[in-house]
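Worksheet: one structure, shown below.
The values are calculated or read from the model by the stated rules, or taken from the named source; none is laboratory data. Quick caveat, the model's predicted, so the values are computed rather than measured. Here the Cβ positions follow ideal geometry from the backbone for every residue, glycine too, while neighbour counts run over all protein chains shown.
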Amino acid sequence: MSSDLREDLVAALAGFYAGHPDAERYPMLSEVGDLLTTAEVVINEPMVLPVARLLTDVDSESDVPGVGPVLRTFAAAAPILHWVQTAEYAATLPQQFLDNYGYVRVIGPGGLVESSVVSAGLGVWGAGLHYPRHEHPAEETYHLLHGSASFQRDDGPWEPKVVGESVHHDPWEHHAQRFGNATCVLSWAWTGDVVVNARLVPEKS
Ligand SMILES: [Fe+2]
């Protein structure tokens, strides 16, 4: 343990990604792990959003390697983290979504670790939320850390995922998520163009 909860969170996420078995399929994860392990932590201003309250109900026990420390340090640091929402979502999605959604950039532009080549962190979505179809130029992975969720890529089937499982999205690939009946915590990682935000795309009827 360090003297700062934010440094503990960075170390826990570094431990999750460094040497993760998914790095064989998704080499970008090695880059994320390496940068998190070696970089300096910047203490940014706390900015808490309503969604942070959901972490108090999260069960941080997990048999999946690396998940428990991330959930524990995330919940402990939540009140002093800089929580954000994608600007377009904050401007357009319903209040019920916005009260139950937010994320923390652990590494990336403006993150706890500054980087212009990767962006990665932790997001929280309340039970039952539907995250509408969206796209972005970055390559992306998600790992499910708590709860359950189904993921749709392009026009493919909805694929249910459990804790420890992951999803990969190519640049500009359309994707959407539906969250199960418990608070969902996802770690996400982006490489490539990490500066351009995600944007919503019309749902297929
Ligand atoms: Fe995405």
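State all residues of region 21-35 that are in contact (Cβ under 8 Å) with a residue 60 or more places away in the chain and surrounded by 14 or more Cβ atoms within 10 Å (Cβ to Cβ); if no residue qualifies, say none. Before the answer, list the steps.
Quick first cut of region 21-35, residues in contact (Cβ under 8 Å) with a residue 60 or more places away in the chain only: 22, 25-26, 28-29, 31-32, 35.
Listed by number, the residues that qualify are ASP22, TYR26, MET28, LEU29, GLU31, VAL32, LEU35.
Of the residues that sit in region 191-205 and are of a type in the set (S, T, N, Q) and within 14 Å of the ligand (Cβ to nearest atom), which one is surrounded by the fewest Cβ atoms within 10 Å (Cβ to Cβ)?
First, the residues of region 191-205 that are of a type in the set (S, T, N, Q): 191, 197, 205.
When the remaining residues are screened for being within 14 Å of the ligand (Cβ to nearest atom), the result is 191, 197.
Working: THR191: 21, ASN197: 13.
Here the answer is ASN197.
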Self-check item: Among the residues listed as ALA176, ALA189, the single one being of a type in the set (Gly, Ala, Ser), under 16 Å from the mean Cα position of the chain (by Cα) and closer than 24 Å to PRO65 by Cβ
Solution: ALA189
Practice problem: Filter region 141-190 for residues that are away from the ligand (no atom under 14 Å from the Cβ), among the acidic types (Asp, Glu) and either in a strand (DSSP E or B) or farther than 24 Å from VAL10 by Cβ (or both) and give the result. | Solution: ASP155, GLU159
Exercise. Taking ALA91 as meeting all but one of (1) loosely packed, with under 14 Cβ neighbours inside 10 Å; (2) touching an Asp or Glu at 6+ places or on another chain (Cβ under 9 Å), write down the number of the exception.
Key: (2)
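Please specify each residue of region 103-116 satisfying the condition of being on the phi < 0 side of the Ramachandran plot and either touching a Lys or Arg at 6+ places or on another chain (Cβ under 7 Å) or surrounded by 15 or more Cβ atoms within 10 Å (Cβ to Cβ) (or both). Outline the logic, then answer.
Step one: list which residues in region 103-116 are on the phi < 0 side of the Ramachandran plot, which gives 103-107, 109, 111-116.
Result: TYR103, VAL104, ARG105, VAL106, ILE107, GLY111, LEU112, VAL113, GLU114, SER115.
Conditions tested, residue by residue: (1) in contact (Cβ under 8 Å) with a residue 60 or more places away in the chain; (2) within 26 Å of VAL58 (Cβ to Cβ).
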residue: SER150; (1), (2): no, yes
residue: GLN177; (1), (2): no, yes
residue: THR183; (1), (2): yes, yes
residue: LEU200; (1), (2): yes, no
Practice problem: State the number of residues belonging to region 82-140 that are among the acidic types (Asp, Glu) and within 16 Å of the ligand (Cβ to nearest atom). | Solution: 4
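Condition first: among the hydroxyl-bearing types (Ser, Thr, Tyr) and either farther than 29 Å from VAL196 by Cβ or modelled with pLDDT of 95 or more (or both). Can you find one or more residues in region 37-53 that meet it? Walk me through it before giving the result.
So the first thing to find is which residues in region 37-53 are among the hydroxyl-bearing types (Ser, Thr, Tyr), and the list is 37-38.
Now narrow it down to the ones that are either farther than 29 Å from VAL196 by Cβ or modelled with pLDDT of 95 or more (or both): none.
For region 37-53, residues among the hydroxyl-bearing types (Ser, Thr, Tyr) and either farther than 29 Å from VAL196 by Cβ or modelled with pLDDT of 95 or more (or both): absent.
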Exercise. Check off (1) under 15 Å from the mean Cα position of the chain (by Cα); (2) assigned to a helix (DSSP H, G or I) for TYR131 and give me the number that stays unchecked.
Key: (2)
Exercise. Go through (1) assigned to a helix (DSSP H, G or I); (2) under 15 Å from the mean Cα position of the chain (by Cα); (3) under 22 Å from GLY147 (Cα atoms) one by one and return the number of the condition TYR103 breaks.
Key: (1)
Quiz item: Has region 106-127 got any residue that is part of a helix (DSSP H, G or I) and farther than 26 Å from ASP170 by Cβ?
Solution: no
Quiz item: Out of curiosity, is VAL196 in contact with a strand residue (DSSP E or B) (Cβ under 6 Å, 6 or more places away or on another chain) and either within 19 Å of PHE16 (Cβ to Cβ) or part of a loop (DSSP other than H, G, I, E, B) (or both)?
Solution: no
Quiz prompt | Residue that is nearest to ASP99 (Cα to Cα), among those in region 50-78 that are in contact (Cβ under 8 Å) with a residue 12 or more places away in the chain and among the small types (Gly, Ala, Ser) | solution = ALA52
